[in-house]
Each structure stands twice: as C-alpha cells, then as structure tokens.
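Each remark here refers to the structure printed beneath this line.
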Amino acid sequence: MYEGAVQDLIDELGRLPGVGPKSAQRIAFHILNADPVDVKRLAEVLNRVKVEVRFCRICFNIAESDECRVCRDARRGDDVICVVEEPKDVVAVERTREFRGKYHVLGGAINPLEGVGPDQLRIRELMTRLQSGLVKELILATDPNTEGEATATYLALLVKPMGLRVTRLASGLPVGGDLEYADEVTLGRAFSGRRSLDI
C-alpha cells in the first residue's frame with residue numbers, strides 16, 4: 001500500500017477493465033516517471049474524449065457529432081443493418097471490408113446474471129429503425145458466446161414477424177470468443193458465409 005495520490009492513482013487504474021493490481025501499479029509508476037508534458041497530454045486527451053465523444057443518434061456507434069461516419073456515408077446501403085454488441089465490434093467488422101450497410105450497436109448483450117435484460121439494451125431503438133420499411137436484412141453479429149447467442153435468438157424471434165431476412169454470422173468464429181479478437185480473414189469468412197436463422 002502506498003500513500004495518498006499514488007495509491008489513489010493505482011486504485012483508479014485498477015478499476016479499468018483488464019488491469020489487475022500489478023498492472024495498475026506498473027502503469028502508475030510509469031506515469032510517475034514520465035515527462036510532465038506527456039502526462040499532461042494524456043490528461044488532456046482523457047478530458048477531451050469525455051467532452052467530445054458521444055453516441056450516434058441513429059446507430060449508437062461512437063461519434064464526435066450527432067451521427068457517426070458510417071451513418072453519414074451516403075455510399076452505404078440502408079437496406080442491411082448489422083447488429084453488434086459494442087462500438088469495438090463495428091471496428092472489427094469494418095476491418096474485413098466485407099460489409100457496406102449500416103450498423104446498430106446494442107450496448108451489450110442479454111445477461112440475466114449481470115442484471116442485463118432486453119430493456120437495458122438499445123432494442124427499442126432498433127425496432128423503431130426497422131419500422132421504416134427500408135431494411136430488408138438484419139445481420140446478427142453478436143459475440144458467439146452464451147450471452148451473444150441468447151441476444152441473437154431474442155432478436156430473431158422479435159423481428160421474424162416483420163418479414164425481414166434475419167441472418168447470423170457463419171462459423172469460423174470460435175464459440176466463447178469476442179468479435180474484437182477475431183482476425184480479419186476469419187471474421188471476413190464468417191461474414192460472407194452468414195446463414196439464416198430458422199426459428
């Protein structure tokens with residue numbers, strides 16, 4: 001245990017996802033030894049992110065204006081929506097260069113053990129988007145784990161009466177994995193080989 005500001009810094013860094021106590025301590029001491037200009041730049045960037053970055057009003061991807069760059073891109077089709085859990089998944093799909101439609105970011109996946117149900121996700125906003133009649137296919141690109149599968153099944157059952165084509169990313173993604181860790185080739189193959197969900 002350290003005193004005062006150093007311990008406070010270690011505690012705050014330890015609250016970050018994937019940062020354990022040892023990593024938090026290493027980062028804290030790196031910051032202590034860093035040039036004050038570098039530390040100031042880091043603090044300014046952290047503040048700027050909180051002030052400037054928001055969620056797109058249409059798809060809920062991260063954006064620095066009311067709409068993200070994907071929603072503003074007139075070259076992208078409005079007839080296909082790819083549903084993902086988090087903004088990081090948009091980046092993973094974009095790396096494949098296989099998808100030219102729009103996105104919808106749910107903000108997580110159904111996880112009853114963590115208290116996350118359909119009402120905590122942006123499913124209502126998705127259903128509003130689907131009412132336009134422009135969308136012909138809904139690609140469910142949730143993570144291939146228990147929560148992602150439960151979310152995909154829930155959405156497929158909800159959307160089925162609307163007469164849309166509902167597809168799920170094909171095999172190639174490891175079960176229990178996350179989209180953000182899949183390489184471009186694996187994710188690209190999964191995307192091009194997606195299948196219909198027959199429920």
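Quick rundown of the values:
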item: Alpha-carbon centroids, segment 5-37 and segment 137-194: separation in whole Å; result: 36 Å
item: Top of VAL19, VAL105, VAL39 by mean-square fluctuation, Gaussian network on the chain, Cα under 10 Å; result: VAL19
item: Gaussian network model of the chain, Cα within-10 Å springs - most flexible of LYS88, LYS160, LYS50; result: LYS50
item: Trypsin sites (Lys or Arg not before Pro) within segment 8-45, DSSP loop, no more than 14 other Cβ atoms inside 10 Å; result: ARG15
item: Long-range HN-HN contacts of TYR103 with modeled amide H, under 5 Å; result: CYS82
item: Space enclosed by the convex hull of the alpha-carbon atoms of segment 114-163, per residue, Å³; result: 76 Å³
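Only the coordinates and a few stated rules stand behind these numbers; no lab work does. A quick note: this is a predicted structure, and the numbers were derived from the prediction, not measured. When we count neighbours, we look across all protein chains shown, and the Cβ atoms used for this are built from the backbone with ideal geometry, even at glycine.
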